[in-house]
Amino acid sequence: MKGFVSSRLHPFANLLLLVVLLLLAICVAGFVMAVCSNLFFGVGLLQIGNVTSMPDTYPNGWAVSMLTQGVFLFVGFGGAALALPLLTGYSWADYFTPRRPVTLGWLLLAASIIILSVPFMSGLIDWNAHAHFPGFLQGLEKDAREMEDRAQVLTKFLTQFTSFGRFVVGLLVIAVVPAIAEELIFRGVVQRNLVQWTNSRHVGVWLAAAIFSTIHFQFFGFVPRFVLGLVLGYLYEWSGNILVPMAAHFTQNGFQVILLYMQQRGQLTAAALDPDSNQALPWGWQLLSFIATSALLWQLYHQTRRPVADPYPTQLRTLSGGGIATRTGLAPPATGRTITHDGVDVTKL
């Protein structure tokens, strides 16, 4: 597949290209938002900002806000991430799932890790929510808390699921769309290029997680989101398939949406599962959660390091410069190999 630019661009150049594509995709998303909101709800381009900032004061405020958020993420983030491989001559499958297909078991394990980590993450959420800036940054801390309080009020309004239809829309916009769009861009593109640029899987994963958490602009939720980014990043590195962190990301957001809906319908009474609470669960639960989550992650890591033999016999092909097969033959029995998501043999590393 031939692209418009070289497939051998330096990773830094790829990231710069991604920024350009993001700006273009966000412009397209803005146009789509304006057309759809005007067509379906009679809200023009100049009104969208007011409606989404104060949706509770407009008749169609909830619907317009959900529409704009979903379009912004799916078209803006997802569109930019999908455009970059095509411009550089890759197919989506080769770029985002280069190592291996995954079984349903991988997806279920990824979801299980998220569920098991809930008690431990509650401790991080509680600690980060009560963190303080240094004394000389008290003014900045006050502004940051006020901004997050306003965002919390808006989020609380948007997650009032007064009907099953609203719940379905909320699940789509809050869980499905971010799981697809954010994983494509942060793990599929940003992390991939950071790993190649730094020549280190760990540095690439940690930097991508930091960017993932920072771009949400929530200081008092930075640490738990950073840890989530690490889990998602390593799931992608180990599995070599973008569907795995997507499944985990969907579980993270979808679980909260489902709990909120159950709570609002009176079907959830356990205080420990209150999705609106920032209080930490009992330390014993947190400890068990940390041990169980770590054990499952460790098991997945060792599963990916386990050698996988090629099928025998394997046909070898020698390609000419034009990609034409000039010689074929049978390979000898292959030894076990472990391949990174970039196609690098790391068995002996």
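Each value in this text was obtained by applying a stated rule to the coordinates, not by laboratory testing. Given the structure is predicted, the values throughout are model-derived calculations rather than measurements. Backbone-built Cβ (ideal geometry, glycine too); neighbour counts: all protein chains shown.
Put simply, of T88, T159 the only residue that is surrounded by 12 or more Cβ atoms within 10 Å (Cβ to Cβ), among the polar types (S, T, N, Q) and over 30 Å from Q286 (Cβ atoms) is T88. Meeting the requirement of 1 or more residues that are free of Cβ contacts under 8 Å to residues at least 60 places away in the same chain, the helices (runs of 4 or more DSSP H) wholly within the range 156-230 are 164-171, 192-198, 201-214. Among the residues making up the range 232-243, those that are within 11 Å of R187 (Cα to Cα), part of a helix (DSSP H, G or I) and not small (G, A, S) are L232, Y234, L235, Y236, E237, L243. Among the candidates V19, V32, V43, the residue that is among the β-branched types (V, I, T) and part of a loop (DSSP other than H, G, I, E, B) is uniquely V43. Looking across the range 112-136, the residues that are outside any loop (DSSP other than H, G, I, E, B) and surrounded by fewer than 12 Cβ atoms within 10 Å (Cβ to Cβ) come down to G135, F136.
Criterion applied to S294, S200 was being under 20 Å from I114 (Cα atoms) and hydroxyl-bearing (S, T, Y), and the one residue passing it is S294.
The listed residues are V231, V244, and the only one of them that is touching a Phe, Trp or Tyr at 6+ places or on another chain (Cβ under 7 Å), β-branched (V, I, T) and within 25 Å of Y95 (Cα to Cα) turns out to be V244.
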